[in-house]
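*Asks:* Attaching a single structure in structure tokens format; questions to follow.
The values are calculated or read from the model by the stated rules, or taken from the named source; none is laboratory data. Being a predicted model, the structure only gives us computed values, none of them experimental. Cβ placement follows ideal geometry from the backbone for every residue including glycine, while neighbour counts extend to all protein chains displayed.
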Amino acid sequence: MRPLVLLALLALGCARAPLEKPLLVVGPRPFQDAVKALVQASGSPVVDGQGASTANILAARRGAVDLAFTSRDLLPDEDTHSVRAFLVAREGVAFAVHPSNPAQAVPLDRLEEAVSGQVADWSELGGRTGPIKVLLAGPRVRDLVPPTRARSVSVEEGAADPGALVLFPSGSVPAGARLLQPDGVALEERTLLSGRYPASRSYFAVIRADASPEAQAFLAFCLGPQGQAVLAKQGLARVD
Amino acid sequence: MPFADRLPSLRRGLAAALIVLVGGASAWGFVPRRTGLVVRCSPTVLQTVQGAAEEFMQAHADVRICVLPGSPRRTRKAVSEGTADLGLATRSDQPEDHALTREPLGREALAFVVHPSNPVTSLDLEEAARLFSGQARAWDAVGGRKAPVHVYAGEPTSGLYEILKAQVLGPHRVVTREATWVPDAEMLRRVAADPDALGYLHLGHVGPGVGVVAVEEVVPSVEMVRARRYLVHEELELLRRPDASPLVQEFAKHLASSDRFLTERLVVPLP
């Protein structure tokens with residue numbers, strides 16, 4: 001009888017008792033919605049917080065958090081033997097123009113200058129003479145580009161303006177949009193994953209090498225098919 | 001011990017069991033299982049690997065391959081620890097490498113470059129080390145004109161820097177603090193514009209506008225590297241863990257058989 005009682009108690013304990021210490025997970029601003037969605041879908045007791053990538057990495061290295069998401073790769077001196085950084089998703093910025101705009105392949109640095117206002121005329125980007133109107137559309141895009149005074153608009157408004165340069169996150173580009181090719185590279189899933197599409201960023205999950213089994217399990221969820229499907233719903237390119 | 005006190009450790013045990021199911025607990029420690037691939041490689045071969053990855057994804061629609069740049073040290077660490085499935089890095093004999101499966105892909109060679117007007121056309125290894133470390137600061141120390149040497153150094157995370165360090169500078173010398181550090185992609189342009197410049201390029205990236213310096217009187221070329229008569233080179237290796245998945249092995253095979261490295265002169269085939 002005694003083993004059966006023990007098994008019953010164990011099952012009861014596993015089913016009802018919450019973990020004594022929830023995981024603490026932090027992520028940078030562009031990844032906040034993704035973190036919340038991952039936490040919700042995992043069903044794990046996770047407390048999420050926000051912080052810049054550098055601070056998040058430091059927190060993970062020092063064990064102040066169980067797992068830190070970052071929107072950049074580790075720097076060489078951050079990549080010590082005490083931490084591991086796993087690629088969890090990729091995302092790009094799409095540069096859409098009106099179908100009548102003849103511009104096509106444009107150096108990325110010229111596009112960045114257009115976003116910051118240093119380049120103001122389409123003739124400098126291979127288009128017809130006329131002012132460039134930089135617009136932002138889709139979720140999070142303001143977090144993906146350098147600080148800009150560009151106005152946020154709806155997808156429809158952006159698509160209808162012949163002088164517009166509309167920036168979208170790669171997961172929110174409307175079907176049929178005409179996209180510029182930064183540095184001559186078209187935005188496709190393949191070029192985004194390979195890293196050849198230049199206007200892109202990678203998201204990493206950073207954990208300590210001696211992370212707790214619970215933190216490792218949460219990481220495995222993020223890298224697995226369920227977690228990756230959650231990230232894809234957030235408009236990010238899955239990497240599994 | 002009261003049973004209630006043992007519950008946290010039992011739950012940890014269950015969590016660990018979950019990891020074994022969704023990830024992998026082995027001699028490597030925790031390595032989450034992925035169906036896609038993450039590849040780390042030296043910036044010098046990054047574009048080539050990216051191209052090969054896109055080619056592979058085009059042929060295998062259900063496969064995702066992500067490519068990340070990384071110094072040779074970082075690449076080896078990533079593959080060892082499981083944050084990358086496959087790596088391309090210059091050969092080393094670090095102890096952690098011995099546990100990895102290593103496959104030579106060919107040789108990467110480094111060429112010293114100067115402005116075309118520079119009369120110095122040959123250096124021996126010691127002269128090159130003295131110039132790059134700042135122990136010799138003027139071109140006349142190596143038979144050139146009376147002018148300061150402007151040292152240009154490439155990205156310290158690249159495989160080329162590792163070749164320079166291992167084959168030229170050695171363990172006790174570093175690149176001079178007065179060096180101008182430039183991205184590898186800008187090296188050709190910067191050296192071509194500076195009459196007193198001394199820089200280095202991947203043999204496959206040497207182009208018009210710069211003079212190539214012979215080392216120990218041997219002008220770098222594919223043939224001279226292959227014959228091991230040109231000395232400043234190192235093997236480029238494919239690295240993977242012994243327990244690599246069949247997909248990792250298939251992509252490694254794709255890379256090893258790809259002629260991209262050869263046609264882009266990034267790798268000199270082994271004899």
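*Asks:* Look through B:Val222, B:Val212 and report the one residue that is of a type in the set (A, V, I, L, M, F, W, C), closer than 20 Å to B:Ser122 by Cβ and touching a Leu at 6+ places or on another chain (Cβ under 8 Å).
*Replies:* B:Val222
*Asks:* To continue, here is another question. Somewhere in segment B:56-77, is a residue facing chain A (nearest Cβ under 10 Å), more than 19 Å from A:His81 (Cα to Cα), in a helix (DSSP H, G or I) and modelled with pLDDT under 90?
*Replies:* no
*Asks:* Sort out for me the strands (runs of 3 or more DSSP E) sitting completely within segment B:179-271 that have 1 or more residues that are farther than 26 Å from B:Trp139 by Cβ.
*Replies:* B:233-240
*Asks:* Evaluate segment B:80-100: report whether one residue or more is part of a loop (DSSP other than H, G, I, E, B), at pLDDT 65 or above, under 30 Å from A:Pro213 (Cα atoms) and at the interface with chain A (Cβ under 8 Å from one of its Cβ atoms).
*Replies:* Within segment B:80-100, one or more residues are part of a loop (DSSP other than H, G, I, E, B), at pLDDT 65 or above, under 30 Å from A:Pro213 (Cα atoms) and at the interface with chain A (Cβ under 8 Å from one of its Cβ atoms).
*Asks:* Could we say that A:Ala217 is crowded, with 21+ Cβ neighbours inside 10 Å, farther than 30 Å from A:Pro99 by Cα, within 16 Å of the chain's Cα centre (by Cα) and touching a residue at least 40 places away in the same chain (Cβ under 8 Å) here?
*Replies:* no
*Asks:* Another one. Give A:Pro99, A:Pro76 a once-over and let me know the one that is over 24 Å from A:Gln226 (Cα atoms), of a type outside the set (Val, Ile, Thr) and in contact (Cβ under 8 Å) with a residue 40 or more places away in the chain.
*Replies:* When all the criteria are applied, what remains is A:Pro99.
*Asks:* I want to confirm something. Restricting to segment A:199-213 and keeping residues that are in contact with a strand residue (DSSP E or B) (Cβ under 6 Å, 6 or more places away or on another chain) and of a type in the set (S, T, N, Q), which single residue is farthest from the other protein chains (Cβ to nearest Cβ)?
*Replies:* Checking each candidate, the answer is A:Ser200.
*Asks:* When only residues in segment A:151-198 that are of a type in the set (S, T, N, Q), surrounded by 17 or more Cβ atoms within 10 Å (Cβ to Cβ) and more than 18 Å from A:Ser100 (Cα to Cα) count, which is farthest from the other protein chains (Cβ to nearest Cβ)?
*Replies:* A:Ser170
*Asks:* Return yes or no: is A:Ala205 surrounded by 17 or more Cβ atoms within 10 Å (Cβ to Cβ) and either among the small types (Gly, Ala, Ser) or over 18 Å from the mean Cα position of the chain (by Cα) (or both)?
*Replies:* So A:Ala205 fits the description; yes.
*Asks:* In the set A:Arg201, A:Arg196, which member is free of Cβ contacts under 8 Å to residues at least 40 places away in the same chain and of a type in the set (Lys, Arg)?
*Replies:* A:Arg196
*Asks:* Can you tell me which of (1) hydrophobic (A, V, I, L, M, F, W, C); (2) within 24 Å of B:Leu68 (Cα to Cα); (3) within 21 Å of the chain's Cα centre (by Cα) is the one A:Val65 doesn't meet?
*Replies:* If we test A:Val65 against (1) hydrophobic (A, V, I, L, M, F, W, C); (2) within 24 Å of B:Leu68 (Cα to Cα); (3) within 21 Å of the chain's Cα centre (by Cα), just (2) comes out false.
*Asks:* I need the full set of residues from segment B:138-178 which are in a loop (DSSP other than H, G, I, E, B), out of contact with any helix residue (DSSP H, G or I) (no Cβ under 8 Å at 6 or more places or on another chain) and without any contact (Cβ under 8 Å) to a residue 60 or more places away in the chain, in order please.
*Replies:* Matches in segment B:138-178: B:Gly143, B:Gly144, B:Pro171, B:His172, B:Arg177, B:Glu178.
Condition check ((1) on the phi > 0 side of the Ramachandran plot; (2) of a type outside the set (A, V, I, L, M); (3) out of contact with any Lys or Arg (no Cβ under 9 Å at 6 or more places or on another chain)) across all residues:
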{"residue": "B:Gly159", "(1), (2), (3)": "no, yes, yes"}
{"residue": "B:Leu169", "(1), (2), (3)": "no, no, yes"}
{"residue": "B:Ala179", "(1), (2), (3)": "no, no, yes"}
{"residue": "B:Met187", "(1), (2), (3)": "no, no, yes"}
{"residue": "B:Arg190", "(1), (2), (3)": "no, yes, yes"}
{"residue": "B:Val206", "(1), (2), (3)": "no, no, no"}
{"residue": "B:Gly209", "(1), (2), (3)": "yes, yes, no"}
{"residue": "B:Glu217", "(1), (2), (3)": "yes, yes, yes"}
{"residue": "B:Lys253", "(1), (2), (3)": "no, yes, yes"}
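*Asks:* Which residue out of A:Val115, A:Val97, A:Val141 is among the aliphatic types (A, V, I, L, M) and either surrounded by fewer than 16 Cβ atoms within 10 Å (Cβ to Cβ) or within 27 Å of A:Leu67 (Cβ to Cβ) (or both)?
*Replies:* Matching residue, one of A:Val115, A:Val97, A:Val141: A:Val141.
*Asks:* Hey, can you tell me all the residues within segment A:220-231 that are out of contact with any helix residue (DSSP H, G or I) (no Cβ under 8 Å at 6 or more places or on another chain) and surrounded by fewer than 19 Cβ atoms within 10 Å (Cβ to Cβ)?
*Replies:* Across segment A:220-231, the qualifying residues are A:Pro225, A:Ala229.
*Asks:* Return yes or no: is A:Gly227 at pLDDT 95 or above and over 17 Å from the mean Cα position of the chain (by Cα)?
*Replies:* no
*Asks:* Determine which single condition A:Val46 fails, assuming it passes every other condition in (1) hydrophobic (A, V, I, L, M, F, W, C); (2) surrounded by fewer than 13 Cβ atoms within 10 Å (Cβ to Cβ); (3) at pLDDT below 90.
*Replies:* (2)
*Asks:* Next question. From the list A:Gln216, A:Gln226, pick out the single residue that is within 12 Å of chain B (Cβ to nearest Cβ), in a helix (DSSP H, G or I) and in contact with a strand residue (DSSP E or B) (Cβ under 6 Å, 6 or more places away or on another chain).
*Replies:* A:Gln216
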